[in-house]
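Chemist: Dumping the structure here so I can ask a few things about it.
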There are 4 protein chains.
Amino acid sequence: MEFFQQYDKLLSEDELGHVQCAREFCEGAFSEAVFAAHLAGEAVPVEWVRKWAATGMLGLQARRAHGGHEASYMCKIRVAQEMARHGFAAAFCLNHHQGGVTRLSQTGTAAQTEHLLPPAMRGELLLTTAMSEPGGGSDVSALTTTAMPVVGGWSLNGAKAWLTNGMVVDGLIVLARVPDAAGGNDIASFYVPLGEAGTFRRREIVVPGARSFRLAEIFFTDHFVPEWGQVASSGAALKASMASVNSARVHVAAMCVATLQASLSEAVAYCEGRQAFGMPLVGHQGLRWELAEVSVRLEAANSLVFRAVEQIQIGVNPVRLAAQAKKFAVDTAIWGIDQCVRILGATGASAAHRLNMHFAEVRMAAYADGTNEMLLDRIGRGLPSGYRN
Amino acid sequence: MEFFQQYDKLLSEDELGHVQCAREFCEGAFSEAVFAAHLAGEAVPVEWVRKWAATGMLGLQARRAHGGHEASYMCKIRVAQEMARHGFAAAFCLNHHQGGVTRLSQTGTAAQTEHLLPPAMRGELLLTTAMSEPGGGSDVSALTTTAMPVVGGWSLNGAKAWLTNGMVVDGLIVLARVPDAAGGNDIASFYVPLGEAGTFRRREIVVPGARSFRLAEIFFTDHFVPEWGQVASSGAALKASMASVNSARVHVAAMCVATLQASLSEAVAYCEGRQAFGMPLVGHQGLRWELAEVSVRLEAANSLVFRAVEQIQIGVNPVRLAAQAKKFAVDTAIWGIDQCVRILGATGASAAHRLNMHFAEVRMAAYADGTNEMLLDRIGRGLPSGYRN
Amino acid sequence: MEFFQQYDKLLSEDELGHVQCAREFCEGAFSEAVFAAHLAGEAVPVEWVRKWAATGMLGLQARRAHGGHEASYMCKIRVAQEMARHGFAAAFCLNHHQGGVTRLSQTGTAAQTEHLLPPAMRGELLLTTAMSEPGGGSDVSALTTTAMPVVGGWSLNGAKAWLTNGMVVDGLIVLARVPDAAGGNDIASFYVPLGEAGTFRRREIVVPGARSFRLAEIFFTDHFVPEWGQVASSGAALKASMASVNSARVHVAAMCVATLQASLSEAVAYCEGRQAFGMPLVGHQGLRWELAEVSVRLEAANSLVFRAVEQIQIGVNPVRLAAQAKKFAVDTAIWGIDQCVRILGATGASAAHRLNMHFAEVRMAAYADGTNEMLLDRIGRGLPSGYRN
Amino acid sequence: MEFFQQYDKLLSEDELGHVQCAREFCEGAFSEAVFAAHLAGEAVPVEWVRKWAATGMLGLQARRAHGGHEASYMCKIRVAQEMARHGFAAAFCLNHHQGGVTRLSQTGTAAQTEHLLPPAMRGELLLTTAMSEPGGGSDVSALTTTAMPVVGGWSLNGAKAWLTNGMVVDGLIVLARVPDAAGGNDIASFYVPLGEAGTFRRREIVVPGARSFRLAEIFFTDHFVPEWGQVASSGAALKASMASVNSARVHVAAMCVATLQASLSEAVAYCEGRQAFGMPLVGHQGLRWELAEVSVRLEAANSLVFRAVEQIQIGVNPVRLAAQAKKFAVDTAIWGIDQCVRILGATGASAAHRLNMHFAEVRMAAYADGTNEMLLDRIGRGLPSGYRN
């Protein structure tokens, strides 16, 4: 697609094939299923993870030794964009689980890889990360979940919130406080298999119009974590989770751009086809200018995000640029889809129109991997070194 | 409440009593019921119309001879605002039905009054107006519903969309084309009792997060309308519906202001109570400025709406001012509640917080009684006479 | 004028006469002189102060015993608005001097009144207030000007900046640090006659397009202030200057509204008269919507400002409301005049069009009596008590 | 400079040398001269064209055979950006003249090249283009200037407005109506030497704060144009001027980005150095967020403009993208510099601060090579083909 040509000309033949595969998968029954679920006020059926797994795409970035494709970051971005054009939440959830698979394949221990990777790549064992807590938002210093050493592993107590896929997930990557040598505590991370209920409990976080995120809180009471579940030891966990945040931000930003591009296309088509006061809507100058302005900012967002993607692709970790790209792409997508919704009149506001779904879902992008306020603070700290005459 | 003091000092003792009655009714179980319904993804139970009726408030503007209070426009506005502070959609629906009662009492024929008014005032027979059609939006010239004369009345064919309370309504005020003497057609209006199913069919228009509007389309096939149902004869119907549009616009605007005022108050309270990074949220200057800016525009909206209310109260029909007040109040409420939602972080985006309900519901205000685009056109036509040096 | 009718119906017959007098004074040669000066890149000739004085209007709020009119705050506002419709800076300067006259008449000592009032009311001795300093902006705690007691008075050292009328002023009301009993220092205020040069020096602060403010810095070196010049003693000066800040803010806000109203009227007239692409500019829907939106926010600003004026008129000191009104009116005027300028195309950007003058001048309103940032801080502090459910 | 690295890594060694040359030229006395002129309310002295010529840079894109460098479009962009960082108007004027040199060298006839190129490359004969007319704005169909054939050439009558460098220009490229064979008329273009006064007259168009554009109207009365002056014959002139408009739009956009980047850098430095209320301005979170947001949109504009530049560099004529890039870059620069101005408080609003100059000058970018309204219309027409699902 011409809109994404900057990206596509940097992909290999194989990678273009993956993008093509994603496009074909999404355009058919997947797209319809996502929208049908929205209409019914439900999440898209979880079986779609397994259907996606069947194409082999969950291993997009996994090692070839594990049956993966070892595709590049930019390829992952494009696959996510093809998906996000049909439904931001469904795309976000599939990509979130896929990220867990990638991490397992690339950095998991032998035991972790053995226990988790095969079912995860088949879409039978769903993974998610768990940082935020009900009372603490994004302030890591307020983290209260604890993992205490017990025979053969750890005992987990506390609660995690805003879990992607939380209602159906089978394993979590959890940040928790552990006792340190000095009698204080530090933060470590664990793979936490959920298994049979009993020591944990889920509660859905309902976001009207955006149920496909399947957001949930999970509460742990003396929940057992086997020894092989430890991912990062005391001290290294926070650093590890910070290292990946920039590529995660750009990932979200790139999906926002794709969802906005699809939304604008739908609005333009609608305005060509619908008559009012004796001419097609697109014939009304006021509306046409509004659509044109959406396209202006969409192109700006796309260009900025591409630049950030390109940096990550070549191995740079662009802290400030990633934050700027996410801030701008999220703001632009929310504003732009809202404009599209309004241009359609009341029609756009009902669940029966896909723009309604796009608007509700893309709003949640503002909270993933750094709120606007956190991003502005991050950017603000870098201003003096970044902008000098 | 100090915020509404401009209004309240122009009300009579009796009217202040009605406002007080509304405030007390809303603050208790009603407020909880509205929010519980939102959490469950449902509409607020229809029984609340009857509970409200039991206070006698459905007759707020009905004639004393009919058991009403003959309260003024400004009193109606204040009552609606007290309600809208707890839930915009629930308030909108109650007020919409109440407007039907008022119209019946003030302008209904004897037969209409006799058949409809007592059960309507008891909240047992719900009324709504029906102008828009599925394919035509707000372009009246595209109206296609027809009413053909038959023995003892009329036969109705066509469909109406975006009906407030449409899923539970018992009687509609319908605009339809009727044959005229010259062999062409004109537009008349009718009270249309629905009665038993058979010649009509409903379909819900789902608006995620705003189910309490109970929006629906209703399709008519040879639906019988009794002779006494005619409201405005051929030629007068459009004029009548235009005459009331200015006060309706200001009404919606006033409710938007009230919902925003409640939202800002909730956001301020939240930011006082919640800690992040070592101090209450309200201690962060960036957030505090954002809240302050919401208050600035809220006060502007309130002042503008009050001025329009005041004009209508003294008998002026302020065409341009009503359009300006609705445009500004709706834009400000949607923007302002969105700001409040975002300031709360992800918490504000979940159904578990009332701000999420306010945001979803108040967005629909943009479509009631004139979209932004129609308002700008209306205002634009009046500029040369309104602004001259 | 209909736009200001909310105000005018609260004025007395005499006061309406003053407004009428101002309108007639401004519409003729004054308006032309203001604009001719702008075209030439100069300040409006200072003789216009004397012409205005000749109408007796400099004593608008002075005591009758001093030959004044004892007009109300609302009357002053309306007079300032009539003037601001022709030129914000010229109006601001005349009003600033007039405020000095009012203060002298109402609170001056016998000696001050005797020395200063007669020539001030004749427009021969111009007065201004002097708080800000070159290095300190609006942070009063950073004030460095000193007044040390000497025989017969005080000796002033330091510098004041951003002085309205600073290039032509004859007397200043200066805040300065004075020694206190404890060996520290406190802040007092003085009338400072400038007299012959020698111990003071002026430097113009050039604001392109807005020279009529005649902004200047004045530097004092051992400048003598006679004993009778002390206005507020140590400790009371800051309190006194704070007490008047709310009415000053609303005053500026009201002038902004008037300048925007005149600007919109000019833009509408221009768009009616000018053809492009085969029809008048006002026939292009996109432009018409832009003009309509300006009118929407103008009416909101006017309504909000009126409410603040009304509060002050009845003796309330509306701290939060005054800050909100100024923030909104200034932002709206700058934005709205900018829209008008742009709608005119390049024409609006040249000095040959009055909108260019209005835009340059009204931007300075953002700095008078509290910047946006100070206002947001002030409003933010009042949020918890002002907005409660 | 890191900010422009996307561009610079695509330039040749020679081209990087030109950019370096421009940077060094600008940072010294040129930058001071531009600002000193602004302070004095005057245009930068015209001698700076000759100083710039002395570096050989006026022939940046001229043919080597003519003594030029044959540099690429992207190199021209970067040179213009280095200049625009010190003064948008001065850069615009130098670049406008340089564009005339480039066109002469690349497409001029032998006679034109002989008469005009050597003095033009020395900066002794200044060139400009002349399309707009006093009454007609950007509507070419309203063009009224005429060129009638006379012995040895043409006789020109009419007026041209908004001429860059118009107060000092020596030769114009003029669009004018000429008689056609059918007795009607068509549009042709001419090099028009001005020579001694007598048959033409100039009038300055004053833009306060932006005198360095030296904008003027020029009126022609039977002004003689020699035969060799014809550039495009009847019919081809409009097409030729349209062909270059996309690269011109991107050129303006790229300069806007550079001026904003310089402005943000100045604002950041100011906020680091200035204290208020006990800490540097940059320590106030509200201000820091405002600066951060400016950087976000600046990066978006830079990325979008770069993409358009890249397209032109490889020979694509990106009609829609050029319009989008100009719309976004101009809007962002005006908004962003305004934010920077305000963040500095009143200081930023005075001529004594370079941000004041940047703001006044960059506003004029909105009118060069297509107003926002024309751009939105152009973009709007391309939406259906550009955005399709």
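Chemist: What's the number of the condition residue B:132 fails, among (1) more than 14 Å from every other protein chain (Cβ to nearest Cβ); (2) open to solvent by 30 Å² or more (accessible area, probe 1.4 Å); (3) small (Gly, Ala, Ser)?
Modeler: It fails just one condition, (1).
Chemist: Which of the residues belonging to region D:1-27 are in a helix (DSSP H, G or I), open to solvent by 70 Å² or more (accessible area, probe 1.4 Å) and either at pLDDT 95 or above or away from chain A (no Cβ under 14 Å) (or both)? Give the derivation first.
Modeler: Within region D:1-27, the first condition is being in a helix (DSSP H, G or I), and the residues that meet it are D:2-8, D:13-27.
Filter once more, keeping what is open to solvent by 70 Å² or more (accessible area, probe 1.4 Å): D:2, D:5, D:13-14, D:20, D:24, D:27.
Result: D:13, D:14, D:20, D:24.
Chemist: Looking only at region C:28-41, count how many residues are assigned to a loop (DSSP other than H, G, I, E, B) and open to solvent by less than 30 Å² (accessible area, probe 1.4 Å).
Modeler: 0
Chemist: While we're looking at this one, here's another question. Working only within region D:239-261, note down all residues that are open to solvent by 10 Å² or more (accessible area, probe 1.4 Å) and among the aliphatic types (A, V, I, L, M).
Modeler: Matches in region D:239-261: D:240, D:242, D:243, D:245, D:248.
Chemist: Another question about this same structure. Which condition number does residue A:44 fail, the rest of (1) part of a helix (DSSP H, G or I); (2) of a type outside the set (Lys, Arg); (3) under 30 Å from residue B:204 (Cβ atoms) being met?
Modeler: (1)
Chemist: Let me ask something additional. From the list B:47, B:13, B:2, which residue is under 19 Å from residue B:167 (Cα atoms), among the acidic types (Asp, Glu) and without any contact (Cβ under 8 Å) to a residue 12 or more places away in the chain?
Modeler: Working: B:13 fails: under 19 Å from residue B:167 (Cα atoms); B:2 fails: under 19 Å from residue B:167 (Cα atoms).
Answer to the selection: B:47.
Chemist: Separate question: Quick one: in region C:182-233, of everything that is among the polar types (S, T, N, Q) and surrounded by fewer than 17 Cβ atoms within 10 Å (Cβ to Cβ), which residue is farthest from residue C:100 (Cα to Cα)?
Modeler: C:185
Chemist: Please specify each residue of region B:262-312 satisfying the condition of being over 21 Å from residue B:338 (Cβ atoms), at pLDDT 95 or above and open to solvent by 10 Å² or more (accessible area, probe 1.4 Å).
Modeler: Scanning region B:262-312 gives B:306, B:307, B:310, B:311, B:312.
Chemist: Being on the phi < 0 side of the Ramachandran plot, in contact (Cβ under 8 Å) with a residue 40 or more places away in the chain and crowded, with 19+ Cβ neighbours inside 10 Å is the requirement here; does residue D:154 meet it? Can you show your working first?
Modeler: Values: on the phi < 0 side of the Ramachandran plot: yes; in contact (Cβ under 8 Å) with a residue 40 or more places away in the chain: yes; crowded, with 19+ Cβ neighbours inside 10 Å: yes.
So residue D:154 passes the test.
Chemist: Applying the selection to region A:271-292, what residues are in a helix (DSSP H, G or I), at the interface with another protein chain (Cβ under 7 Å from one of its Cβ atoms) and either in contact with a His (Cβ under 6 Å, 6 or more places away or on another chain) or not aliphatic (A, V, I, L, M) (or both)?
Modeler: Scanning region A:271-292 gives A:272, A:285, A:286, A:288, A:289.
Chemist: Condition first: under 18 Å from residue D:19 (Cβ atoms) and in a loop (DSSP other than H, G, I, E, B). Now tell me which residues in region D:70-112 satisfy that.
Modeler: Listed by number, the residues that qualify are D:70, D:71, D:72, D:85, D:86, D:87.
Chemist: Separate question: Can you tell me which residues in region B:93-121 are small (Gly, Ala, Ser) and open to solvent by 20 Å² or more (accessible area, probe 1.4 Å)?
Modeler: Within region B:93-121, B:99, B:108, B:110, B:111 qualify.
Table: residues versus (1) touching a Cys at 6+ places or on another chain (Cβ under 8 Å); (2) without any contact (Cβ under 8 Å) to a residue 60 or more places away in the chain.
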residue	(1), (2)
A:240	no, yes
A:247	no, no
A:255	no, no
A:264	yes, no
A:273	no, yes
A:283	no, yes
A:300	no, yes
A:306	no, no
A:309	no, no
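Chemist: Tell me which of these residue D:171 doesn't satisfy, since it passes every other one: (1) within 14 Å of chain C (Cβ to nearest Cβ); (2) within 19 Å of residue D:101 (Cα to Cα).
Modeler: That leaves (1) as the condition not met.
Chemist: Also, quick follow-up: Residue D:124 versus (1) within 14 Å of chain C (Cβ to nearest Cβ); (2) open to solvent by 50 Å² or more (accessible area, probe 1.4 Å): which is the lone unmet condition?
Modeler: (1)
Chemist: I need a count of the residues in region D:106-136 that are at pLDDT 95 or above, of a type outside the set (Val, Ile, Thr) and in contact with a Gly (Cβ under 9 Å, 6 or more places away or on another chain).
Modeler: 7
Chemist: Scan region B:345-371 residue by residue and report those that are closer than 17 Å to residue B:248 by Cα, open to solvent by less than 40 Å² (accessible area, probe 1.4 Å) and more than 7 Å from every other protein chain (Cβ to nearest Cβ). Even if it seems obvious, please write down each step before you answer.
Modeler: Initially, region B:345-371 is screened for residues closer than 17 Å to residue B:248 by Cα, giving B:362-371.
Imposing the further condition that a residue be open to solvent by less than 40 Å² (accessible area, probe 1.4 Å) reduces the set to B:362-366, B:368, B:370-371.
Across region B:345-371, the qualifying residues are B:362, B:365, B:368, B:370.
Chemist: Would you say residue C:320 is within 13 Å of chain B (Cβ to nearest Cβ), modelled with pLDDT under 95 and either out of contact with any strand residue (DSSP E or B) (no Cβ under 9 Å at 6 or more places or on another chain) or part of a helix (DSSP H, G or I) (or both)? So that I can check it myself, show each step before the final result.
Modeler: Values: within 13 Å of chain B (Cβ to nearest Cβ): yes; modelled with pLDDT under 95: no; either out of contact with any strand residue (DSSP E or B) (no Cβ under 9 Å at 6 or more places or on another chain) or part of a helix (DSSP H, G or I) (or both): yes.
The answer is no for residue C:320.
Chemist: Further, regarding this structure: Checking the condition open to solvent by 10 Å² or more (accessible area, probe 1.4 Å) and not in a loop (DSSP other than H, G, I, E, B), which residue from C:336, C:315, C:382 passes? Break it down into steps so the answer makes sense when it comes.
Modeler: Values: C:336 fails: open to solvent by 10 Å² or more (accessible area, probe 1.4 Å); C:315 fails: not in a loop (DSSP other than H, G, I, E, B).
Within the list C:336, C:315, C:382, the selection yields C:382.
Chemist: Still on this model: Within region A:65-92, track down each residue that is open to solvent by less than 10 Å² (accessible area, probe 1.4 Å) and under 28 Å from residue A:42 (Cβ atoms).
Modeler: If the condition is that a residue be open to solvent by less than 10 Å² (accessible area, probe 1.4 Å) and under 28 Å from residue A:42 (Cβ atoms), then A:79, A:80, A:81, A:82, A:83, A:84, A:87, A:88, A:89, A:90, A:91 are the ones that fit.
Chemist: Residue B:326 passes all but one of (1) open to solvent by 10 Å² or more (accessible area, probe 1.4 Å); (2) touching a Leu at 6+ places or on another chain (Cβ under 9 Å); which number fails?
Modeler: Just one mismatch for residue B:326, condition (1).
Chemist: From the residues in region C:209-240 that are part of a loop (DSSP other than H, G, I, E, B) and within 18 Å of the chain's Cα centre (by Cα), which one is farthest from residue C:150 (Cα to Cα)?
Modeler: Once the filter is applied, the top-ranked residue is C:209.
The values are calculated or read from the model by the stated rules, or taken from the named source; none is laboratory data. Keep in mind it's a predicted model, so treat the numbers as computed, not measured. Cβ sites come from the backbone with ideal geometry, for glycine too, and all protein chains shown count toward neighbours. Each accessible area value is taken on the protein alone, full model and side chains, heavy atoms only, with ligands, DNA and RNA left out. Shrake-Rupley method; radii C 1.70, N 1.55, O 1.52, S 1.80 Å.
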